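J.: Quick one: the structure is below, and I'll ask about it shortly.
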Amino acid sequence: MFKFFFKKNFVDIWENLFYVILINFFKVVVSAGTFVCVSYAFSYLPLDERFINIVSFVLILITAFVVCVMIFAGGENAVKVADFKAASYVEFFRQIPKVLKDSFYGAVLFTIVYVVGKVSLPYYLNFWIETENIFFLILAAVIFWLLFMSVLAFQWLLPVRSIMHNNFLKCVKKCYLLLIDNFGFTFALFLVNILNLALTVVTFGLVPGFNGIEITVVNALRLRLYKYDWIEVNPGMTKAERKDVPWDELLMRDKETLGPHPFKAIFKPWRS
C-alpha cells in the first residue's frame, strides 16, 4: 500500500506542478510577508520586558492564523488532485473566506503546542539539572512524547477537514484516533513529510511546499479510508482478521486509473 501511495503522490504533484509552484509562491509571499510586517509593527511599540512574551505570543498567533488560512484553503484542491481531477486556481481563492474560523482555531491550537514545547521542556530540564531529581526529567520526557504524538496526529487535520468536513473539534479527535489505529503508517507519513520539508527548503518553498504536503496528507487519508470502508462492509471480523487488509483488491481501481506511470517515463516524457 505504501509503495502505491508514494508513487501516486509523486505523480499527482508532478502532473499539477504549475499549480503547485504558482500557489506555493503566493502562500510563501503572504505568510512571510505577514510575519515581517507584524514583526516590524511590534518593533515600534514601547514595550518593557514584562510584555515581550505577550507580544511574541500574539506574533506567533497571527502568523499561524495566516499560515492556517493558506493551508486550509488548499484542502479542496488537494482532494480534487487526489481524486484524479485538476486543481483549480479559482477554487483556492474561493475557499479563503470559508476557512477563516477553522484557521483561527488551528492557529490557537498550534500556538499553544508551540508555547508548551518552548516553555515547559526547558523549564523541567533546567529543574532536573539543578536538583538532579529524576521526577523533573520524567515530566520533561512525558511532555516531549505528548508533543511528538500531537505532531504526528496533526498531519491528519487538513485531510480530515477537507474530506470529511467535520467541525474543528471533531477533526482533532479523529486525528488522534487515526494516529492510534494507524501508528506505523502515520510515522511513515511523517518521514515522507520530512522529505517534503527538506525539498521545500532546497526549492525556497516552491516544490513541494504547502501544496505538495497538502496533496501528500490528503492522498494518505484517502487511501487509508479504503480500510474502514472494507471493515464496514465486513462486520464481525476478529482483531487479527482486521489487520489482514486486502490492499491489492482495495487499490485496484486507483491503480487502473493511475496507470503504469514508470518513473523513467515521468522524468523523460519524450520517451513514453
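The values are calculated or read from the model by the stated rules, or taken from the named source; none is laboratory data. Computed from a predicted structure; not experimentally measured. Cβ placement follows ideal geometry from the backbone for every residue including glycine, while neighbour counts extend to all protein chains displayed. Side chains are part of the model used for accessible areas, which takes the heavy atoms of the whole protein and leaves out ligands, DNA and RNA. Shrake-Rupley method; radii C 1.70, N 1.55, O 1.52, S 1.80 Å.
J.: If you scan segment 68-89, which residues turn out to be open to solvent by less than 30 Å² (accessible area, probe 1.4 Å), more than 13 Å from LEU157 (Cβ to Cβ) and part of a helix (DSSP H, G or I)?
T.: VAL69, MET70, ALA73, ASN77, VAL79, VAL81, ALA82
J.: Moving on. Restricting the search to segment 90-118, which residues are among the β-branched types (Val, Ile, Thr) and surrounded by 12 or more Cβ atoms within 10 Å (Cβ to Cβ)?
T.: Across segment 90-118, the qualifying residues are ILE96, VAL99, VAL108, THR111, ILE112, VAL113, VAL115, VAL116.
J.: (1) within 19 Å of the chain's Cα centre (by Cα); (2) among the hydroxyl-bearing types (Ser, Thr, Tyr); (3) under 30 Å from THR257 (Cβ atoms): which one isn't true of THR63, the others all being true?
T.: Exception for THR63: condition (3).
J.: Among PHE10, PHE57, PHE25, PHE6, which is closer than 25 Å to LEU109 by Cα and open to solvent by 60 Å² or more (accessible area, probe 1.4 Å)?
T.: On the way: PHE10 fails: closer than 25 Å to LEU109 by Cα; PHE25 fails: closer than 25 Å to LEU109 by Cα; PHE6 fails: closer than 25 Å to LEU109 by Cα.
One residue alone meets the criteria, PHE57.
J.: On to the next question. Residues of segment 250-272 being more than 16 Å from PHE84 (Cα to Cα) and at pLDDT below 95, which ones? Walk me through how you get there before you give the answer.
T.: Step one: list which residues in segment 250-272 are more than 16 Å from PHE84 (Cα to Cα), which gives 250, 262-272.
Those that are more than 16 Å from PHE84 (Cα to Cα) and at pLDDT below 95: PRO262, PHE263, LYS264, ALA265, ILE266, PHE267, LYS268, PRO269, TRP270, ARG271, SER272.
J.: To continue, here is another question. How many residues are within 14 Å of the chain's Cα centre (by Cα), surrounded by 16 or more Cβ atoms within 10 Å (Cβ to Cβ) and under 16 Å from TYR114 (Cα atoms) when one looks only at segment 135-175?
T.: Within segment 135-175, residues that are within 14 Å of the chain's Cα centre (by Cα), surrounded by 16 or more Cβ atoms within 10 Å (Cβ to Cβ) and under 16 Å from TYR114 (Cα atoms) number 5.
J.: Looking for whichever is touching a residue at least 40 places away in the same chain (Cβ under 8 Å), in contact with a Gly (Cβ under 9 Å, 6 or more places away or on another chain) and small (Gly, Ala, Ser) here; the options are ALA78, ALA64, ALA86. Which one fits?
T.: On the way: ALA78 fails: in contact with a Gly (Cβ under 9 Å, 6 or more places away or on another chain); ALA86 fails: in contact with a Gly (Cβ under 9 Å, 6 or more places away or on another chain).
Sole residue among the options that is touching a residue at least 40 places away in the same chain (Cβ under 8 Å), in contact with a Gly (Cβ under 9 Å, 6 or more places away or on another chain) and small (Gly, Ala, Ser): ALA64.
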